[in-house]
Each structure stands twice: as structure tokens, then as C-alpha cells.
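Right, one structure below, let's go through it.
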Amino acid sequence: MHKTMNRNSNVYTVIYATVLTVLVAILLSAAALGLKDKQKANTDNEKKQQILQSVATKIGKDVTFENAAELWQELKMDEAMFCVNTNGEKVDGKAFDIASKTLFSGGKIIKDASLPVYVANIDGVTYRIVSMYGAGLWGPIWGYLSVDPEGKVAGVSFDHESETAGLGAKIKDDPNFAKAFIGKSIFTDGKFTSVSVTKAGKPANHGGDKVDAITGATKTSDFVGDMIYESLLGYVPFLQSGTVNSDCCKKQEGGCCEKQDAGCCEKQEAGCCEKQESDCCKKQDAGCCEKKGCKEEGKSECAEKAECDACKKAE
Amino acid sequence: MANEKKPGVFTGPLWTNNPVVVQVLGICSALAVTTQMKPALVMGISLTCVLAFANVIISVLRNTIPNRIRIIVQLVVVAALVIIVNQILKAYVYDVSKALSVYVGLIITNCILMGRLEAFALGNKPFPALLDGLGNGLGYAMILFITATIRELFGSGTLFGYDVIARFVNEAGYDGYQNCGFFTMPAAALIILGCIIWYQRAKNPDLQDK
């Protein structure tokens, strides 16, 4: 063709460009389609790894890209996951296929969001894993947080797109940062207080528990704290209800709540396990006094047994 | 122009006319992907493949490409190849593709590519163009690999992720080696590159500025 046509003519140039573009488009489409399944398997596997990483200390071994799929099968994660709305009610939806990104608008969880919940049963204990997403310093950050039946953090895993290597990237790379979250309580006296990330020595942003920020990555650490707060906010009703069901009701059978008045039980249903305990303590219930978390107004520790007994007599 | 001396076409870019340390092309990615050896190696191989294929394709098409849109044609060919490489990496070596992140995409803008296409492939037959592509790609890969070896060894104490310093130095009784975090920073790569350039110019007086 180039011998018969002038290579610099407009017609030739346009035809050449068109043919080239079409050929390249066909080639790329073929490549994209052909490799799609394999790529999807990789991204799915990475997600499984991150989800399981949040309960890694409970599983007792490190979750790697290689063993993630296997562990996922072992723990029967596929059968146990579901979605909840921001009122804590179960809703339809495929938890695993939800991209956390789509649940947020302007850094807040959207009202009618279906939030994914993953459930891991390890050694007879049920851990609920929730998904988190937020802005980092340079790009999005995301992660998973597992909550044990008492409303305490059982583990976290973080990932990021473009935080500074060696500084902000430590939220993912430094295992000690994630470890610091374990055992922190996201509820204080039945109220959601999240787990803040602030500089060593500084108090928590919302009251409650905190972990120390990463040295040299104060901004990224702040964003992690914000992400946890904003993401968990949508899960609060769900987490509270579950916390009561698996924990407080047992205690109720154990004696403390037998003497509970109606108000106390209502609070319990609403998820105020801690609050319930403190309310009981005010009533000087003997069973309650034995519990550690009970605080009487004006006192830092449980009421003395003697006081309780005296109270009982008074009752 | 270089048709007569084919050996020089391939071996030249490996050392005496190295694209990174002599022509000072592709520095950006040389700083960014050399923290660990694995991504550096994959980046080197990826660029070599893309460059060799692009050189051959452009060389085959060189008599048909309309002069006015030749840069665009080159870009389309390179972009298509890079996207294919990126897709393959994502499918088969996912962790590496994550480590390379945007830098695979940035192969498109790597000066070595457009430089070789424009300067060599457009004016030479496919076979010399292939050699030129391989030579320049491997020259680039080699520098990346040397830099990454030094950076990973001193910065992370590992080679290809295999713990070297902790195993052989610390366990041999010379306890207490701390990984030098500086080597994981891009500035360290620049200094290492500078040292390579220094060494090379000292060995090749021809390269020294008169």
C-alpha cells in the first residue's frame, strides 16, 4: 500500500491511524479478557489474606498470600459472612463482593449502606470482622478489624495505596502497630468510643482506648484513627447487639441480672453491657460487685463486699 | 548507521554506552523500584521485553509509518505492550506487580524506550533493532540489579528476601548489625548510581568530559 500511496497524504495517515488503533484495541481486549479470571483470583486472595490477618493472632500463625485461601476454607468463611445495615439489621448482599470504597461518601458511611461482616469461629470463640476504609495522607487506606464477643479488638490489619515507605507504610509493614490494637475496647460504659491513634502521652480523641501513633507518621496515624472511628460508626448498632447476645446474657444467667430491674434489662438489650454493670453496681448487687468493670459513681473500684452486703440487707 | 557492526549494537549499551549511567535515561524508575531485588529484576526483564518487541515492531513498520504521526504510532505500540506486560504481571506475579505499582505503567514514559525507537528502530532493520533493544534493556536491568542488590543487602539485610545478614553476620558472633534505613530511601539509590558512574568513568577515559 505504501508504494502506491503517498505516505504523507492525509488519507493515508488517517487510514493508518485507524487500522493501528483497531488492531491494538482488539489485542488488548483479548489480553484483558484472557487474564481476567487469574487476576480476579489474585485480588480475591489478597482480600482474604487481609481479612484473616485481623484474626491472625487467634489463628496462631501468620496469614500469607499463599496460605490465605486454605485458611479461608478451613474457617468456612464463605458460609458465615453476611451484610448488615447501619441499624444493625441483617440485609441481603454478598459481603465479599462489596468494595468498602462504595460505602463511603465524603468520609462518612452512607445511610443505606450494606456493610460486610465476616465471621470467624476460632477455638469456639466467634470473632466478627468488619471492614474499614478511609483517606490516608497520600491515598486511600483500608483494613479489617475483628471484634471479640466482649466488644474488644481481637486484631486489625491495615493496607494502603501510597503511604510513605518506612513511615506511613508502617501501618501495614510494622506488625507491632497492629498488635497494639489487640485487647483495646471499642465501647466504654456501653458507649462507642472507638480506638484512637494519638501521639504517645496524648489522650484518646473520643475518650476510651487509644494506641500510640507511629513516630514520624503522625498524619497517617491520625487518618488511621479517623478511619477506624468513621468506619465503625456504621457498625455500632450491630456490634452492640452482638456484644449483648453473646456476653451479657450469659452473665444474666450467672446471677447478676436476676436482680436486675426492668430498666437495667432494657439497657442490656440495647447493648450497654458496661453500663448495665455500672447501673447494677449502684444498686449494690452482690453478684455485680465481684465483677471487675463495675464502677460506682465517685469510686474508682468495685464497691466493697461489706458495703454490698449491707446494701442487700437494706434491700 | 550501525548496521555494519552488529556486536557493538548489542554489547555497547551493556557497559560503554549504558542507557542509565552513560546516557542518564530511566533514572526515575531506577530510583523507585530498586529497594528490593525481586521488583528490580522483574522491572528490568519487563523493560527489556517491551523494548525489544517495540524496537522490532517499529523497525518492521518503519517504511509504512506516516512521518507526521510517527511519535504517536510509537507511543501506541509501546503503550499496548506495556499494558499487556502489566496484565501478565497482575495475573502471574501479583506481589511483584503490587511492588512495581505505577512504575510498570511508567515504562511508557521511560526515556530509554522512545529514545531507542526514535534513534534506532526507525532507521534500522528488525534484527539489529532487536539486538539494540535487548542490549539497552539488559544494560538498564543490570544497573537496576546492582543498585537493588546493594540497597536490599544493607537496607533490609536480605537478598531476594532471604535473610543474609541476620543469618551469617549476626549469628557468627558479630552481633548487633542494624539495617541501615537510609538505603531504603531513594536518595541512597542516587548515591549508588553516582558511584557506579564514577567507577565507570574512571575505567573508561573516553567517557570523561574533555
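The values are calculated or read from the model by the stated rules, or taken from the named source; none is laboratory data. Since the structure is predicted, the reported quantities are computational estimates derived from the model, not experimental observations. Note: ideal-geometry Cβ built from the backbone for every residue, glycine included; neighbour counts use all protein chains shown. Heavy atoms of the whole protein, side chains included, go into the accessibility calculation; ligands, DNA and RNA do not. Shrake-Rupley method; radii C 1.70, N 1.55, O 1.52, S 1.80 Å.
Observations
- FRET efficiency for residue A:89 and residue B:198, using Cβ-Cβ distance with R0 set to 56 Å, rounded to 0.05: 0.25
- Accessible area of residue A:123 in the full protein assembly, 1.4 Å probe (Å², nearest 10): 140
- Number of Lys-Lys pairs in chain B with C-alpha atoms under 28 Å apart and a separation of 8 or more places or on different chains: 8.
- Positions from region A:26-41 whose accessible area shrinks by 30 Å² or more when the full protein complex is built, not the chain alone, probe 1.4 Å: A:28, A:35, A:38, A:39
- Size of charge dipole - chain B - debye, nearest 20, with Cβ of Lys, Arg +1 and Asp, Glu -1, no other charges: 680
- Of the GluC sites (Glu not before Pro) found in region A:99-177, the ones in coil according to DSSP and having at most 13 other Cβ atoms within 10 Å of their Cβ are A:161.
- Buried accessible surface for the B/A pair, both sides summed and rounded to the nearest 100, is 2000 Å² with a 1.4 Å probe.
- Contact order for chain B, expressed relative to its length and based on alpha carbon pairs under 8 Å spaced 6+ residues apart, stands at 33 percent.
- Whole-Hz Karplus values for region B:28-39 come out as 3, 6, 5, 7, 7, 9, 9, 5, 10, 6, 4, x Hz, taken residue by residue from phi with 6.51 cos²θ - 1.76 cosθ + 1.60 and θ = phi - 60°; glycine and proline positions read x.
- Estimated from the Cβ-Cβ distance and a Förster radius of 41 angstrom, the FRET efficiency linking residue A:9 and residue B:190 is about 0.30.
- In a DSSP loop and with at most 14 other Cβ atoms within 10 Å, the trypsin sites (Lys or Arg not before Pro) in region A:67-125 are A:76, A:94, A:111.
- Evaluated with a Cβ-only charge set (Lys, Arg +1; Asp, Glu -1), region A:47-205 carries a dipole of roughly 560 debye about its Cα centre, given to the nearest 20.
- Solution diffusion estimate, µm²/s, Stokes-Einstein, region B:12-207, Kirkwood Rh from C-alpha pairs, 37 °C, viscosity 0.692 mPa s: 186
- Heavy-atom accessible area per residue - region B:12-207, 1.4 Å, Å²: 44
- Rough spin-label spacing in nm, given labels placed 7 Å along Cα→Cβ, for residue A:176 and residue B:167: 2.5
- Of the residues A:227, B:185, the one with the largest accessible area comes first in the ranking B:185, A:227, computed with a 1.4 Å probe on protein heavy atoms.
- Backbone phi angles across region A:47-61, fed through the Karplus curve with coefficients 6.51, -1.76 and 1.60 (θ = phi - 60°), yield HN-Hα couplings of 5, 4, 4, 5, 4, 5, 4, 6, 10, 4, 5, 7, 5, x, 8 Hz in residue order; Gly and Pro are listed as x.
- Sparsely packed loop sites in region B:125-201 (the chymotrypsin sites (Phe, Trp or Tyr not before Pro) outside DSSP H, G, I, E and B with at most 16 other Cβ atoms within 10 Å) comprise B:160, B:174, B:177.
- Accessible area of residue B:158 in the full protein assembly, 1.4 Å probe (Å², nearest 10): 20
- Residue A:25-residue B:93 FRET efficiency (beta carbon distance; Förster radius 35 Å; 0.05 resolution): 0.85
- Rg/Rg_globular for region A:50-242, with Rg_globular taken as 2.2 N^0.38 Å and Rg from C-alpha atoms: 0.95
- Between residue A:186 and A:153, the built amide H atoms are under 5 Å apart, and every one of these is 5 or more places off in sequence or on another chain.
- Among the protein heavy atoms of region A:50-242, carbon and sulfur supply 51% of the accessible surface, probe 1.4 Å, non-protein parts ignored.
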